[in-house]
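Colleague: Have a look at this one before I ask anything.
FYI, it's all coordinate maths here, none of it is from the lab. Note that the structure is a prediction, hence the values are computed from the model and not measured. Neighbour counts are summed over all protein chains in view; Cβ atoms, including those assigned to glycine, are modelled from backbone coordinates with ideal geometry.
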Ligand SMILES: [Zn+2]
């Protein structure tokens, strides 16, 4: 089992890349966001119950619990799975150290950390152009994924909105927060000789292919 961490700012296209990799490699995509939502919904293990309880109180789930959920997933790879793609974890050096220690208990380590590199101005364009349907959750983009009728959802006809997070004044701040938290991770994985930088600008298929190449190398 090869454990791969994918790193990239909001808008870097990690989700898009992961969706393509799942089809081209024997790979499981483990997104922390999905894990937390599933745990809160099912509350079927002690960890999952802790997540449900924490989220019910509106509190932030601790690093230890998130790390525990991730490690729990690593112990059940699924048939034919050769790669684990961790997305959304670790987010900082403390979590990276936790993950490293946990993996070491099982004689494992992060084999590769792929950094999806996208310049700041491109990220801002991608994020601030997003439009979301509040009724069904579908996502669009004013330039790259236009709805058939401007301002209306293709699926349900709902009026598209810009999430507050994606408003230009908030986008710059989100990116700053991300960079402050995550920049040190690049150094962490670079120091361990496992960092691969991939250009995240351009055709999504080509980007996914470049990431796949970095993973199997
Ligand atoms: Zn809709």
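Colleague: Here is a list of conditions, (1) assigned to a helix (DSSP H, G or I); (2) out of contact with any strand residue (DSSP E or B) (no Cβ under 9 Å at 6 or more places or on another chain); (3) free of Cβ contacts under 8 Å to residues at least 40 places away in the same chain; (4) closer than 24 Å to residue 23 by Cβ, and residue 202 meets all of them except one; can you say which number that is?
Modeller: Of (1) assigned to a helix (DSSP H, G or I); (2) out of contact with any strand residue (DSSP E or B) (no Cβ under 9 Å at 6 or more places or on another chain); (3) free of Cβ contacts under 8 Å to residues at least 40 places away in the same chain; (4) closer than 24 Å to residue 23 by Cβ, only one is false for residue 202: (1).
Colleague: Follow-up question, since we're still on this one. Name every residue in segment 153-184 that is near the ligand (Cβ under 10 Å from one of its atoms) and exposed (fewer than 15 other Cβ atoms within 10 Å of the Cβ), in order of residue number.
Modeller: Step one: of segment 153-184, the residues near the ligand (Cβ under 10 Å from one of its atoms) are 153-160.
If the condition is that a residue be near the ligand (Cβ under 10 Å from one of its atoms) and exposed (fewer than 15 other Cβ atoms within 10 Å of the Cβ), then 155, 156, 157, 159 are the ones that fit.
Colleague: Any chance segment 37-50 includes a residue that's assigned to a helix (DSSP H, G or I) and touching a residue at least 24 places away in the same chain (Cβ under 8 Å)?
Modeller: Initially, segment 37-50 is screened for residues assigned to a helix (DSSP H, G or I), giving 37-42, 46-50.
Those left that are additionally touching a residue at least 24 places away in the same chain (Cβ under 8 Å): 39, 47.
The answer is yes, given that some residue of segment 37-50 is assigned to a helix (DSSP H, G or I) and touching a residue at least 24 places away in the same chain (Cβ under 8 Å).
Colleague: Still on this structure, I have one more. For residues that are part of a loop (DSSP other than H, G, I, E, B), in contact (Cβ under 8 Å) with a residue 24 or more places away in the chain and within 16 Å of the ligand (Cβ to nearest atom), scanning just segment 88-140, find the one that is surrounded by the most Cβ atoms within 10 Å (Cβ to Cβ).
Modeller: The extreme case among them is 133.
Colleague: Can you tell me which residue within segment 141-152, out of those that are outside any loop (DSSP other than H, G, I, E, B) and away from the ligand (no atom under 12 Å from the Cβ), is surrounded by the most Cβ atoms within 10 Å (Cβ to Cβ)? Spell out the reasoning first.
Modeller: Of segment 141-152, the ones outside any loop (DSSP other than H, G, I, E, B) are 141, 145, 152.
With the extra rule that they be away from the ligand (no atom under 12 Å from the Cβ), the set shrinks to 141, 145.
Values: 141: 15, 145: 13.
Ranking the candidates gives 141 first.
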